[in-house]
Structures are given as C-alpha cells and as structure tokens.
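**Student:** The structure that follows is given in the form of structure tokens.
The values are calculated or read from the model by the stated rules, or taken from the named source; none is laboratory data. Since we're looking at a predicted model, the values are computed, not measured. A quick note on method: Cβ atoms are made from the backbone with ideal geometry, for glycine too, and the neighbour counts reach across all protein chains shown. Side chains included, ligands, DNA and RNA excluded: accessible areas come from the protein's heavy atoms. Shrake-Rupley method; radii C 1.70, N 1.55, O 1.52, S 1.80 Å.
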Amino acid sequence: MNKQQLASKIWGSANKMRSKIEANEYKDYILGFIFYKFLSDKEVKYLKQNDWTDEDIKEYLNEEDRETVESIQKNIGYFIAYENLFSTWLEMSTDFNVSNVRVALSAFSRLINASHKKVFDKIFDTLQTGLSKLGDSSGSQTKAISDLIHLIKDIPMDGKQDYDVLGFIYEYLISNFAANAGKKAGEFYTPHEVSLLMSEIVADHLKDRSEIKIYDPTSGSGSLLINIGKCVEKNMGNSNKIKYYAQELKENTYNLTRMNLVMRGIIPSNIVTRNGDTLEEDWPYFDESDPFGTYDPLYVDAVVSNPPYSQNWNPANKESDPRYKFYGLAPKGKADYAFLLHDLYHIKPDGLMTIVLPHGVLFRGGEEGEIRKNLIENNKIDAIIGLPANIFFGTGIPTIIMVLKQRRSNTDVLIVDASKGFEKVGKTNKLRASDIKRIVDVVTSRANVPKFSKVVSREDIRRNDYNLNIPRYVDSSEKPESWDIFASMFGGIPAGEMNDLRAYWEAFPTLKKALFYDADAPYLHFNVEDIKKAVHEHADVTDFEGKFNSAFTDFDSYLSEELISGMEAINISKEENVLSAKIFDRLAGIPLVDRYEAYQLLDNEWTKIAVDLEIIQTEGFDATKKVDPNMVVKKKDGKDTEVQDGWVGHVIPFELVQRRHFSDKLSALKAKETRLTEITTEFEELLDELPEEEKEKDFVNYDKTAFVAAAVKKAVKDKEVEPEILDILKKVDNLAAEEKATRKKIKDDSKTLHLETKAKIEELSDDDVKELLKDKWILPVVNGLAKLPENIVSAFVSNLEALAKKYDTTFFEVEEEIRSVESSLAGMLDQLTGNDYDMQGLAEFKKLLGGE
C-alpha cells in the first residue's frame, strides 16, 4: 500500500487502541515507538552496509564488545544491542514483555555518544514514564505495547525515500491526534496548510542563499520548522546547508521536535534544540559544554512561530532586555507582542519572520498600541494576512500571519484579507492549495487585488491612528442585494445591476446589444426568449471558448512528455510548480478564467500523481505491473481481524484496466447490475398493485423485495387469492427467480473479471502501462481544465436569468392580480346565504375587499 493508505490504516487502528487515553497523551507513546523503530532500523541498516550478516548481528551486537559499541556510537551517535532492537522485540512473540522496553530505553540513554548528547539526551523520557498508563498491570501494558509495535512494524525506513514516507506518516498521525486533542492541540501542532503558507513566503525570501539558519522559538512537534526547511531546500538543492534551531517549553513536545527533525534525515550537527521558556531563557545561555553555540546571541535568516495566543507572561525587569527596549513591553496578560519582538530580535538584517497571532494584535490599545506604532514607525511590518476563522484545532478565534523584516526599502504595508478562501473539512476550515498559492503570489508580488489585498501607505496607517484592523483597508464583504424601486414598479433590469457583470461584458463586447432592446438605456429589457441559447450561440462566447481550447490544444501531449516520458527522473517536489507555470502561461490573455481555480484542478490530481511517481522512482517501473492483496477488517470470533478480499493494483487501478482492456465484459456486468436495480423497482410496483388486505398475508415477505414461493403455492392451493392477485404473484415469483440468478451471475462474473484484471496487470507491456497512466494522470487534468469555459458561461447565464426573474413581475402587475382576485372573491360572497349575523359579517368582509 502507498504511504497515504498505510498512514490511514495505522491511524485508524491507533485511535481504537488508545481507548480512554487522551489523544494528547497517546501520541507521545506511538510516536515514541515509531522513533525507536527508526533508530533501531537505522543501526541495522548501517551494520549491513558494513558487511554484517543477520548472524553477526545476533551474536556480536552486545555491550560487552566495547570496540564495536564505540565504533557504532561514533558513526551513528548511539548504540542499541541486539536484545534491544525493535526487530528482536517482534521475534520474541509471546516472550516479549514491557520490561524489555524499559531495559531498552534505559540502555539507550546510557549509550548515547557524547557528540550526540544534545540531540538524544532524555528523548525517550516521556515514553518511559508513560508506559504505566498503557495498562494497570504488567500483562495489560505488555499487550498494549505489543499491539502497538505490531501496528507500526510495516512503516518502511530503509528505502530510497525513507524520510518522505516516514515523515508523511509521522505528520499524518500528529495532525490526526491534534484533531482529537481539543484545545491542547495548539500546544504541539500548526495545521499543515498554514505551515505551508508560511513556508512558501519564507522560501521565496531566501531563494538565492547558499546557507540558511531557521528558528522556531515555540516549536511544538517541529512540523512548522520542517516544512520551512523542505520549501527552502527546493531552491537550494543541498539540505545539509540548512541549520535548524528550536525551543519548546513542554518537555514531551520538545521531545517530539527532536524526533521529528532526526527522522527527516537532518544531520545532528544541524539540529540545535532547547527545552525552556522562550521569553525567560533566551540566547546566549552560556552552556560551558558548548561555548561556541551558547555564548553568543542567535541571529538567523528566518524565524517562524505559532506561539500560544494571549497567554500570561512576566514583563518585570525586562525594560532593558534588548528584545524589547526599542519597542516596549507587552502587557502582563497578553504575551503576543513579547513573542513577536523576540522573533524580530533574532533575525539578521536581511532576514524575515512570520508569526501567527490572534486578530486582536492589530487594533488593541494600551501597551500593544504603542508597540504597534513603534514597529510601523521603525518600518518593520511588511505584510499582514488575515486567515479564515476556525482554521486551527481547538480554537475558532480569527488569526493572522504577520510578516516582518529588519530592513526594508519600502515603507508601506501589504494587507491581505484571505478570510473567505477555504473549504469546510469536518468541524474546521482548511486552506486549499489554490488559496495558499493565491496568497503567496500576492505577498511576493505585493499586488493590489480588489476585495483581497491592498498596499497601504504609512501615511494612511498614521491617519488611522496605527490601527491595522484589516476591514479598515480591505473590504472583502459581498455587495448586499438591493431592489430598484422603479424596476420593481414598472419592470426592466437596472443598468447598475447589469454593470455588476462588467467582466463578462468586457469579455463579450457585442453580446449586450444582442440580448437587449436598448443596451444603453437605464433599464434594460431582454429581446430574446431563451437567454441560455442566445448566450451560448453568440459569436463572442464561441470565440472565447475557441480561444481557450486553442490555448490547451496540445496540453495533453505536453503532460505526456513531461510526466510519462520523464517519470523516473522527474523532480517530484518541484514538478507541480513547473506544470502550474505552464497552465498560467497558457491562460495569459484569456479573460474570466480564474487561474487559481485551474491550479486547484491540477493540485487535486497532483496529490495522486506524486504518490505514483514516488513508487515508480523508489521501486522501479515494474512496480506498475504489480498487484497487492486487498486487506479489509472483518469480524471473526467477535474480534476485528484483517483478511484478504481480492487484489488491488499497486499503481494501476483495476477499473482503468477494465475500461481499457475489458470494456465489453465491464459493460455487460454493469448492465446486470442495472437490471438488478430495475428488478427491485418492479417488485415495489407489483406490491403497490396489491390491495392493502393482501399485503398483510403470509405470502408477502415484509422486506417488500421478494415473495416466498412456498407461501404463494400454498395460497393458490387453499384458494386464498383471486385470479388477478395470483397473476401478480406469479410475476413476482418470476422476478424473485430472476433476481437470484442475476445476483449469482454478477458475483461469478465479477470474480472472473477481477482475476482476469489481475492477470492482465501482471502481463502489461510498457506501452500498455503508459497508456493507462495517461488515463489516470493526464485525462482528469485535461478534462477538468476543458470544463472551465463552460462553467464560466453557465455561471454568467445563471446570473442573467436571476436578474430577469428578479424584475419579471412588477408591483403594478401584482396589484392588478390582487384586485382581480378580490373582485372574484367578492362575487363568490354574493352567492353565500346564512342568518342575519352571517350576512352582516360577510357584508363587512366585502367592504375590506373593496366591494360595495
């Protein structure tokens, strides 16, 4: 299975296994064991690269051989004896015990090389102290740990792309634990999409540098820092030229930071981490064992952070602290600006920082207002990005990303309102790939985009008393619907409302005159009956569609050359940007098309394409001709048990192969499935023909999908039914027999087709594979792009039809209709009779209707 499937499987099982343990706690155990497996497997890999056999490892890998211990420590930074290897635990089967883990973790702490002490020291303390929480006895703890290590045993850690697969699974688990951890999620996790947005902004600023230092002073699990590194690395090409600095207050989360950095393949000399209070324990901190790294202030190329929002801190005696003395001290009850000023202090003169903060920092007064004024007057704030509400786990408060620099040539501030661009996922909002790209493009180009972004001068900010509240500068609200009084009374569409569609009229310059009697009048009237037909057939519209189609005529060939021909050498991390640039180039000069919508179409498919490319580059092209057992969970003896249910393509889906190579058989099978649906409908229809009293008799099965044949025969024998009823029952009996036969045929044919598809995949030629990869990778992108013009024109038609309907009936016409109805009703009242009181009441009612 690919990394996404494996991650999903592990998460599903882990979430069940944690039972009543809080997600925030259980994450430390499973992630700790994954890290131990990583270290264990890494040592075994190192030994085998140095000609150790399995027998050698079993016999000689022990603490007694000091020369071996020191050699391994020197090369990988630690030593794990054979008896403590993760693989040994698995081999022990029923002999495995929780004590094996305690002994192994204790031994690991003793056997860390001095050069790696800061990276590994106490890294398993959280796991070690938490083992007792996995059960109330040694036996229950052993079972919980055994289940857990068997769950993670299949995570690959020795292939070409170890860190990508392992890192993906680690990040996937952290994000899912965060989603289930409530308010505590903010202590260790920044949503991947927010992290990616910050990373892209930082990477663009640092793209021309050959060596980089990056720092996260509230590092949590380390995911934000790692994403920055990955984005920066795309431009550098050498990951060993990036140095990572991290500080984290909570010990368990600090351990996650270190684990995450190490597992991503970052060399230990590039990892500098601290467990401490960022606001109270800053660099330099004078560690005598490391004077070079701790005696000087820390200045880096980029600082990124997502600190705890508006928490208490102690500003006492910090007036002379170099981080704060030029700008001011944040109030005791809100440390937001304390974190911001800490970050700002640590960037180099040409550096950049991005920080996530609550919206209130933009407009709150007092000490914060003074700090904000000083930052603006000292020209430090470069951009402010308003994020959607409810985008972080555990809190729904609106947040922003603030971008600051030490030195700037300009004095304005870019303000972006990105609060409207997201998708709803469960209970939270999530930035889409197109939302991220739209924001990054605007920030890097400092573009003014109506209702989205504005470059604001310092003079404007001064006039607003240094209030940076986003709605003061960018109005992203939708125009409220209004009703024109004249049009409501006399009809016609107000020219002002029609001008709201000016982008369409500019793209289709002669269409307006073709649709309306007098296109320049203050109130417009359609001169066509079928608006949709008239728009779609107009030359301006067909020219627009033709221009788009012409721009993408050979795009499938380009994608084929780029992805299919170059699949084994393609740079996966950069390729999506290459393809999106090509799409943007082809869209240049074509009106109305939102290029970010086109980008989203690409990204939707790229996620799947990238997984396939990773498999092909890691396992070779022949991986496309493999199938995997389809493992599903079924109940067996009351327990969830994983069993095989057929096969799935390792890369090529069965359905694609069937559509291309077994189309006749697939069509025949689908026809039978359709017939099965029809039979069910016919059952219902025949049942409805029966009198109600007949439906209650024994010969009708209550699920209303079949009749019991034996009961029907008995009913006939005992003369319980009328001939016409019997005729219906015979039809039903025939349908029941057909249904049974059809179900069996579908089952048999499906099984046969499934096995034929498996065999076909395993014998595919290289050319067959390439054609199928075109079906999987290229057709969805090309077909999605091809629909864009039609979607645009359809949206335009809907707007026109809505305007036509809005003013179709005037108040004058409504009034006339009311009068007519009143007159008719009054006439009907004249025909009514009753006693004196009734007649007096009717007479008064007629007066209300306007009658005599």
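**Student:** If R₀ is 51 angstrom, what is the calculated FRET efficiency for the pair GLN831 and ASP808, using the beta carbon separation as r and rounding to 0.05? Each step should come with its number before you reach the end.
**Tutor:** Values: r = 35 Å, r/R0 = 0.68.
Efficiency computed from Cβ-Cβ geometry: 0.90.
**Student:** Please give every one of the aspartates and glutamates within straight-line cross-link reach of LYS332, meaning a C-alpha to C-alpha distance under 14 Å, and leave out same-chain neighbours fewer than 8 residues apart.
**Tutor:** GLU280, GLU319, GLU367, GLU368
**Student:** Could you run the Karplus curve 6.51 cos²θ - 1.76 cosθ + 1.60 with θ = phi - 60° over region 226-239 and give me ³J(HN,Hα) per residue in whole Hz, x for Gly and Pro?
**Tutor:** Coupling constants for region 226-239: 5, 5, 4, x, 5, 5, 5, 4, 4, 8, 8, x, 10, 5 Hz.
**Student:** Taking H placed 1.01 Å from N in the peptide plane, check which residues at least 5 places from VAL456 or on another chain put their amide H under 5 Å from its amide H.
**Tutor:** The list, which skips near neighbours in sequence, is VAL413, LEU414, ILE415.
**Student:** Determine the calculated [θ] at 222 nm for the chain from helices alone, applying -39500 (n - 2.57) to every DSSP H run no shorter than 4 residues and normalising by the residue count; nearest 500 deg cm²/dmol.
**Tutor:** On the way: 37 runs with 452 residues, N = 852.
My calculation for the chain gives -16500 deg cm²/dmol from helical runs alone.
**Student:** Over region 779-852, what percent of the accessible surface lies on carbon and sulfur atoms, probe 1.4 Å?
**Tutor:** Values: 2760 of 5030 Å².
For region 779-852, the apolar C and S fraction of the accessible surface comes to 55 percent.
**Student:** Right, here's the next one. Output ³J(HN,Hα) for region 345-358: one whole-Hz value per residue in order, computed from phi by the Karplus curve 6.51 cos²θ - 1.76 cosθ + 1.60 with θ = phi - 60°, and x for Gly and Pro.
**Tutor:** In residue order, the calculated couplings are 4, 8, 8, 5, x, 9, x, 9, 10, 10, 9, 8, 9, x Hz.
**Student:** Considering only LEU6, TYR26, ILE616, whose Cα is most displaced toward the positive end of the charge dipole of the chain, charges sitting on Cβ of Lys, Arg (+1) and Asp, Glu (-1)?
**Tutor:** TYR26
**Student:** Ok, one more. Select one label from [x] 306; [y] 190; [z] 382: the one whose number is volume of the Cα convex hull per residue in Å³ as derived from the coordinates shown.
**Tutor:** Comparing each candidate, only [x] matches the computed number.
**Student:** Taking the Cα centre of region 377-529 as origin, work out the dipole magnitude from +1 charges on Lys and Arg Cβ and -1 charges on Asp and Glu Cβ, in debye rounded to 20.
**Tutor:** Working: 22 positive and 20 negative charges, 205 e Å.
Approximately 980 debye in magnitude.
**Student:** Considering amide H positions built from the backbone, and no H for Pro or chain starts, which residues 5 or more places from ILE347, or on another chain, come under 5 Å of its amide H?
**Tutor:** It is VAL300, by chain and number.
**Student:** Right, something else. If packing is taken as the mean number of other Cβ atoms within 10 Å per residue, what is the order of 198-211, 523-536, 375-388, highest first?
**Tutor:** Working: 198-211: 18.8, 523-536: 15.3, 375-388: 21.2.
Going from most to least packed, we get 375-388, 198-211, 523-536.
**Student:** What is the packing order of peptides 274-287, 75-88, taking the mean over residues of other C-beta atoms within 10 Å and listing the highest first?
**Tutor:** Details: 274-287: 15.9, 75-88: 19.5.
Ranked from most to least packed, the peptides come out as 75-88, 274-287.
**Student:** In what sequence, highest mean first, do 599-606, 497-504, 741-748 appear when ranked by Cβ atoms within 10 angstrom? Don't skip to the end; give the middle numbers.
**Tutor:** Details: 599-606: 19.5, 497-504: 15.0, 741-748: 12.9.
The most tightly packed comes first, giving 599-606, 497-504, 741-748.
**Student:** List every residue whose amide H lies under 5 Å from the amide H of GLN247, counting only residues 5 or more places away in sequence or on a different chain, with H placed 1.01 Å from N in the peptide plane.
**Tutor:** Those lying under 5 Å, H to H, from GLN247 are ASP216, THR218, SER219, ARG274.
**Student:** Charges at C-beta only: +1 for Lys and Arg, -1 for Asp and Glu. How large is the resulting dipole of the chain about its Cα centre, in Debye rounded to 20?
**Tutor:** The calculation lands at about 2360 debye.
**Student:** Given a cut-off of under 8 Å on Cα pairs at least six residues apart, what relative contact order in percent is computed for the chain? Each step should come with its number before you reach the end.
**Tutor:** Working: 1106 pairs, mean separation 68.2, N = 852.
Relative contact order, the chain: 8 percent.
**Student:** Label region 461-569 by shape, choosing from rounded, prolate and oblate, from the square roots a ≥ b ≥ c of the eigenvalues of the Cα gyration tensor; if a/c is under 1.5 it is rounded, and otherwise prolate applies when a/b is larger than b/c, oblate when it is not.
**Tutor:** Values: a/c = 3.67, a/b = 1.21, b/c = 3.02.
It is oblate, given that a/c is not under 1.5 and a/b is not larger than b/c.
**Student:** May I ask you to give the solvent-accessible area per residue for region 240-331, in square angstrom, as obtained with a 1.4 angstrom probe?
**Tutor:** Details: 3980 Å² over 92 residues.
On a per-residue basis, 43 Å².
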